[in-house]
Structures are given as C-alpha cells and as structure tokens.
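J.: Handing you a structure now.
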Amino acid sequence: MRIPFPRISLFFVILLFVCILPVRPTHAADIKYKRSIEKYNIPDVVLINQDGKKVRLQSLLNSDIPVIVDFIYGTCTTICPVLSAGYVNLQRKLDADNQKVRLISITIDPENDSPKVMKEYLKRYRAKPGWDFLTGSRADIDTVMRAFNAYIPDKMSHYPLNMIRMPKNGNWVRLFGLMSTKEFLNEYQMATAK
Amino acid sequence: MKALIRYKFAHCFRVALRSAVLAILLPLLFSTFAHTEFIPPTDLSHAEIMRLGERMYRQGILPSGKVMETFIRGDVAVDSSAFSCSSCHLRAGLGSFEGGVVTPPTNGNKLYKPYRRPPSFGDVADRAGRFIYAKTVVERPPYTRETLATAMRFGTDPTGQVFNDVMPRYPLTDRDMSILISYLEALSSEPSPGASSKQFKFATIITDDVSQEDRQALLLPLQTFIAQKNQQMGMFNDFIKFGYSPTIDMQFAFRSASLDIWELKGPPESWPAQLSAYYNANPVFAVLGGISNSDWRPIHEFCEAQRLPCLFPITDFPVVSESDWYTYYFNKGYTQEGEAVARYLNRQETISTETPVLQIVQDSQVGKALAAGFRKVWKECERQEVTTLTLSSQQLLDQTAMDKLLTKHKPEVLILWTDAELLPNLPALIAKLPAKGMVFVSSGYLGKKTAAIAESVRERVYITYPYRLTPYVGSKVGGFDAKVPILPSSKDFGNRRITSRSIAMLQQTTLQGLNLIYDNLYRDHLLDIMSMQMDVTVLDYERFSFGPGQRYVSKGCYIIQLGPGLDPPLLPLSDWVMH
C-alpha cells in the first residue's frame, strides 16, 4: 500500500504536525489510555497483606486520601513491571509522603502469592510504606475483581488497569491502558482536586 | 533519509513525522557513540563475557556489580533489581505473550534476521480494545551490533520506529553494552541436544526401589504418549503425500518421539555417574516423568547441572528451592503437607503464642520432610519454634513413655508425623490431651489406613490432604470421554495416582509446551513456554498453575476431618490454598 506523495506536501504535513506535536504523546502506536468515571460497590472481604496481617478491604479503601488500585502478581512479566514502575514513581514524586496517596496492588495469582512472595516483590521495587500488596482466597479475589468490573479468568490474559478513588465523592477514575508517568501523575492530581 | 521517510509513509503519517523528528535528533544523540563498533572487550575471556552478560540479562546487574538503571514509561528510572530482560523476554530470549503484550525475541539468531510479526488478534480489534495498548513493531530489517545498542538505549529499531512504552530504555556504557550484545548473540543460538525438526528424544528415570506394579503404572501412559506422537507423525506424512500443504502450526506440531528408560541401581551416591553414562550415550531433550521412592535430589541436581528439563517425576521428596530451574514437580510432596498445618494453625484465633504445641516426629525421611515444611512456614509466620521430639518407631509404640511425654508437655496441639502403626493407640493418646486438644496427622504418611482412625476421636483429628476434594468433571484417561463427575473418597487414601498424574502432566501441560515450541528447539524455551501456560484443572489436584520460575504446579493442601462410617466422607476444614 505505497502512497505516492509529492515531496513538497510532505514538508507541509511535517510542519503542521510539528506544530501540534507537543500535545501528542509520542507512543509507538500512539494509543492513549481509556478513562472513565465509575461507581463501585466494594465487597466486604478480608484480605491478607504482605505482612500476613488481615485487612478489611472496605476500611482500607474508604479513605480521606486518594487510593489507587491495580491488579498484578508476583511472577508476572511484561505488564506488572510497567504498572509497578508507575507506583514507584508516584511514591517518589510525592516525596515518600504516604499521607498523600494509598497504593494498593491486589494479586490475581492468590495461589502463589503468599505474604512472603508479596513482601519480596515490594522489596524488589523498593516500595515505601503506603503501598500494600494483598492476597486472599481465590473466591474473595474473584469477588473483588468482579466488583471492579475487572474479572480476569486467567492471570495470563490480564490487562493494565488503574483505578483511582476520589476522596471527595468516593467515585473512581478507571484508567485502562499504559500511561506515561506524566499522564499518571496528572490523573492523580485531578483525582485529588477538591 | 528520503527513502527512509518514504518507507514510513507507506505505513502512516504519524510514524513519518516521528522519523523526521528523529532524523534531526538522533544524530545529535548518537554523536558520542557514532564511531564505536561495540567490539566485545578484548581483556575478558569469552566465558567471562558470557557470565557477565548472563548476569545483566537475568539479574539486571552490571559487570561492575552495580544494579543496572533503566527508564521505563518514558522517564521513570527504576533499578533492574526489580525486573530484568528475562522478566519479559524470558530466559531463553524467545520472548513472551502475556496480558495482550507481545514481547519479541531477543536472541542473536532472530535479531540479525528481518522480523515480521505475524498479524495478531490485536491488530484488527477495536482501537480502544484490550490488545492495542502495547502494540509492537510489525516489521523491521535485521539489526547490527550498532543498531542493537541504539535499540536498547533509545528504544528505536533500525529504521527509527519507536518501541512501545513496555520496553525500557537502558543507558549502558559502550563496554557494558558490548558485553550484553555478545550475550544476546550467544543466547539460544544452538538447538539443544535431543531434538530435531523430525524428532524429540525423551528419557524417563526409574530407581530400583520401585515395585513392578508402580513401574508399569508409570510406563503405560508414557509409552502410550510416545506411540500417539509416532502415529500422528505417520498420519501427517500421509497427509503430505496426498499433496496437502500444512499450516505453520501443523508443520511443527508433528514430530516422532522416542523414550529411553534410565534405570538407576544401587545407592543414590552412584546415580550421577549412571545418569551421565545414559546421557552421554544418547542425549535426550527432556526427561519425561520418572519415579523413585527415595530422595529425588541426586537426579534433580544432575538435571540442573546438565540444564536438562525434568518434567513432573513421581516423588514424595522433591527438592524445594525457589531458584532452581530445570525440574517441574506436581507439588512439594511431604513438605507441602507440613506447610499446610503451619498455615492452618497460624490462622486459628484460638491459638496464641502461649498455646503449647508439641510436634512428634517419627525418625524417618518422611517424618523429617513433614517437620521441615512445618518449621519453614511457622517461622515465616514469625511464630516461636515449637517443641519437637524425634522418636523411633519403637519409642512411639511405647504407651507408658508416650503417656509420660504428654503429661509432661500438656500440648493443646499435638502434631504427629508418624506412620499408621500408631493409629490403634490414638484414642489413648488423645485421652491425655486437654478437652479441646487438637491432633494433626498426615494422610500421605498414614496412607490407606487413614480411614481407620477410630470414629470416637475423628472430631479431634485434623488430617492433611494434598489432593482434589471437589468433584472432577472430565476424563480419567486424558480424552474427552467422561461427563460423570468423579468424586473423591476415603478409598483414595494411600493411592499414589501414578498413572493419572502422569497422564495429566503429559496431556494437559507437556504437550502444550511441545506443540508451541515450533522450530525454537531450546530446552530453556520449552520451560519458558510451559511456565506461561494458563491454569489447568486436573483429576488429582484442584488446579495446576504456572508462572515464570514457579515449579510446584499444585499449590494446595486441605486440612480435613473424617465423617462417620467405614467409608467416611472427607470433610474440608480449610481452603485448598491458605495464607
């Protein structure tokens, strides 16, 4: 499908695009993430964190500061490094002030992800306090995924998703896809706005 | 450059634009690197270059010993201690497909050839859909050492196409870069021994402590599997003879197969030499199953050293390791039962740090494995070590001495890692415990006799059970024949399930790996593919689950009690997996 194109118009096209370049992220495939505002009913389940402590998901999520949730697992390739790098960066940008955001990763491999595996994962990423990794029974994890409209029948076919809970009204910003750091930080700031 | 831009144009505007921008920017960026040719360091031996390169690739550690730094998602600096090349491109470097992201191969063989990604589902799906967020480069010319360095530093292919944000950018020095590139060139460059486009050679391992009956139970499914492969190969040859042309999938799905039986005799210390002799006489691609009643360790270590995959041997004594690579096990054997008790107790509200727990271990290999599993997890839960007594089988049967022990320790929890000889004394022992006292036993160690636990004490006895409890809907023999759910029963106690487990490992996991290996006949690649499988439901276990580095595919073990009667129902008290 070779399109013959006069060289001169190519020049103008480039000129035109260069002008609008700053507003377009330079992704290889140039695909932006999908954003929507959602309401979720958080099920009343008790999960287990990286320290082996039981935590009630509802009380963890109902917070006065923004809460971000993603779904990952300890031995995951490809997507999880990217999602977790986003968490690492946010923690750094916010200067380890864990009063500004609560980061939550929920495993989608509850059979393998014991507190020990999760603790090591967080250590590998040099997570600071304020980032918790949760596991639980398969049934509870399934319930949580369904509640977020993120049911993943098999971990090998999972997809990148971040959900930010806005403290002002308890609504969630659902972000599907891989964002640049700037975009992620931007979303966080918008969610924090009063 | 003009030609380059034109080439881009054939694809779309925006890519052309980016190339143009890059055409201006890249030469500036490269000026510092322009004249290096990334020649491997001459002051290092080849072996040393490979060792350092492997460490960069697998562990993200620089030749200097420092952690590699990388930029991901554009500008996030992350240490490569969190993830390395092999986290995405996998150990064999043939790439992966997970969560809708294709990670392309990164071994020299593939990088130095033109690459065309087969059109995937995602290319036609809706643009906001699942498979689009990390689309990879579709087509590119071959790399050179220079363009490879650029790819890793700046994330562009030889024509300047920019990679998606999943591939990190690595700011390496020229010297470090040349070491990494030399490693990539050597990675998966020679097909592993024991495989060709026409044939897979396999072996299975049987030690001389295995009964004739158990031996047959293993060989039956293995030999059926080999015969099936060869029969399919015959049919495929006929198909070609009739003039049909096979699809790519078909070309690689059919290979003949052979199976050697490696019999190991005498003491385990002599096994490595026997294994070497077998292996050297006829190297195989992988070991398919196997069986031993002794510790599997010498065989495990041999396979590790030879980098030889060993797929699902029947053993109760696997090596429990978090980093070893080459042996896949069904589960951790007795260790897993011991772990289950620790997890269960850890979650009981009634058990405090003050609760007296007594662990009595029969002085045997089984007893020790059970106790080791318990100890490991108990410690992980940050619990204080429990009182542990190791006793001989005679001591265990000495009723007066046992009574004395129990009177002395007054355990509220009594863990009995013993065989079934002790069962007749169980009611008397339980009588010595406090009213709410619990007793834990292993169904693996008690075997068939587990069902004979006296009815009067069944409510006090907690039993480990590492097999499926929910009805299984599916076939016993690996076909599609059964629709009637198969129910677990107390008759299953003591059954080693040699045939059914071997069928599951062949038909439900190994076959998939062999079919997807295509012409990438590398052992590490087989293990990589198998580790990226979806979960499978099998007859004997609730589930097999996988993941890079996960080597014990059945993760669960129930704690159960027996109901009443001669054929008591098995009553689960816990989930399949506990944390």
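J.: Where residues in the range B:65-79 are free of Cβ contacts under 8 Å to residues at least 40 places away in the same chain and touching an Asp or Glu at 6+ places or on another chain (Cβ under 9 Å), which of them is farthest from the other protein chains (Cβ to nearest Cβ)?
T.: B:Val67
J.: Further question on the same structure: Within the range A:106-140, how many residues turn out to be touching a residue at least 40 places away in the same chain (Cβ under 8 Å) and part of a helix (DSSP H, G or I)?
T.: So the count comes out to 8.
J.: B:Lys376 is checked against (1) assigned to a loop (DSSP other than H, G, I, E, B); (2) open to solvent by 50 Å² or more (accessible area, probe 1.4 Å); (3) closer than 24 Å to B:Leu345 by Cα and fails just one. What number does that condition carry?
T.: (1)
J.: Let me ask something else about it. Given the conditions (1) hydroxyl-bearing (Ser, Thr, Tyr); (2) outside the structural domain of B:Glu322 (by TED's automatic domain parsing); (3) crowded, with 22+ Cβ neighbours inside 10 Å, which single one is not true for B:Thr510?
T.: For B:Thr510, the exception is condition (2).
J.: Scan the range B:363-373 residue by residue and report those that are within 13 Å of B:Ile415 (Cα to Cα), open to solvent by less than 60 Å² (accessible area, probe 1.4 Å) and touching a strand residue (DSSP E or B) at 6+ places or on another chain (Cβ under 9 Å).
T.: B:Gly367, B:Leu370, B:Ala371
J.: Can you name the residue in the range B:531-579 that is within 17 Å of B:Asn346 (Cα to Cα) and facing chain A (nearest Cβ under 9 Å) and is also most open to solvent (accessible area, probe 1.4 Å) among such residues?
T.: B:Asp575
J.: Test B:Val78 against the stated conditions and say whether it is in contact with a strand residue (DSSP E or B) (Cβ under 9 Å, 6 or more places away or on another chain), crowded, with 22+ Cβ neighbours inside 10 Å, hydrophobic (A, V, I, L, M, F, W, C) and at pLDDT below 95.
T.: For B:Val78, the condition - in contact with a strand residue (DSSP E or B) (Cβ under 9 Å, 6 or more places away or on another chain), crowded, with 22+ Cβ neighbours inside 10 Å, hydrophobic (A, V, I, L, M, F, W, C) and at pLDDT below 95 - is met.
J.: Could you say which residue among A:Asp140, A:Asp109, A:Asp113, A:Asp132 is open to solvent by 40 Å² or more (accessible area, probe 1.4 Å) and of a type outside the set (Ser, Thr, Tyr)?
T.: A:Asp140
J.: Filter the range B:232-280 down to the residues that are of a type in the set (Ser, Thr, Tyr) and farther than 17 Å from B:Ser294 by Cβ, then identify the one that is modelled with the lowest pLDDT.
T.: Result: B:Thr247.
J.: So A:Leu16 ticks every box in (1) more than 7 Å from every other protein chain (Cβ to nearest Cβ); (2) modelled with pLDDT under 60; (3) buried (at least 17 other Cβ atoms within 10 Å of the Cβ) but one. Which box is left unticked?
T.: (3)
J.: Let me ask something else. Which residues, counting only those in the range A:144-160, are surrounded by fewer than 21 Cβ atoms within 10 Å (Cβ to Cβ), modelled with pLDDT under 95 and outside any loop (DSSP other than H, G, I, E, B)?
T.: Scanning the range A:144-160 gives a single hit, A:Ser157.
J.: Please go through the range B:152-181 and give me each residue that is open to solvent by less than 30 Å² (accessible area, probe 1.4 Å), away from chain A (no Cβ under 14 Å) and in a loop (DSSP other than H, G, I, E, B), ordered by number.
T.: B:Leu172
J.: In the range B:270-287, which residues are touching a helix residue (DSSP H, G or I) at 6+ places or on another chain (Cβ under 6 Å) and either within 26 Å of B:Arg91 (Cβ to Cβ) or surrounded by fewer than 17 Cβ atoms within 10 Å (Cβ to Cβ) (or both)?
T.: Answer for the range B:270-287, where residues must be touching a helix residue (DSSP H, G or I) at 6+ places or on another chain (Cβ under 6 Å) and either within 26 Å of B:Arg91 (Cβ to Cβ) or surrounded by fewer than 17 Cβ atoms within 10 Å (Cβ to Cβ) (or both): B:Pro272, B:Leu275.
J.: I'd like the residue in the range B:344-353 that is closer than 14 Å to B:Glu385 by Cα and assigned to a helix (DSSP H, G or I) and, out of all such residues, is farthest from the other protein chains (Cβ to nearest Cβ).
T.: Among them, the one singled out is B:Leu345.
J.: State the number of residues belonging to the range B:95-109 that are more than 17 Å from B:Leu180 (Cα to Cα) and open to solvent by less than 30 Å² (accessible area, probe 1.4 Å).
T.: 6
J.: Still on this structure: Please verify whether the range B:184-205 includes one or more residues that are assigned to a loop (DSSP other than H, G, I, E, B) and over 25 Å from the mean Cα position of the chain (by Cα).
T.: Within the range B:184-205 (the criterion being assigned to a loop (DSSP other than H, G, I, E, B) and over 25 Å from the mean Cα position of the chain (by Cα)), the answer is yes, since at least one residue qualifies.
J.: While we're on this one: For the range B:300-335, enumerate the residues that are open to solvent by 40 Å² or more (accessible area, probe 1.4 Å) and hydroxyl-bearing (Ser, Thr, Tyr).
T.: B:Ser323
J.: Hydrophobic (A, V, I, L, M, F, W, C) and within 12 Å of chain B (Cβ to nearest Cβ) - does that describe any residue in the range A:161-173?
T.: Yes.
The values are calculated or read from the model by the stated rules, or taken from the named source; none is laboratory data. Computed from a predicted model, the values in this text were never measured in an experiment. Here the Cβ is made from the backbone with ideal geometry for all residues, glycine too, and neighbour counts use every protein chain on show. Ligands, DNA and RNA are excluded from the accessible area calculation, which covers all protein heavy atoms including side chains. Shrake-Rupley method; radii C 1.70, N 1.55, O 1.52, S 1.80 Å.
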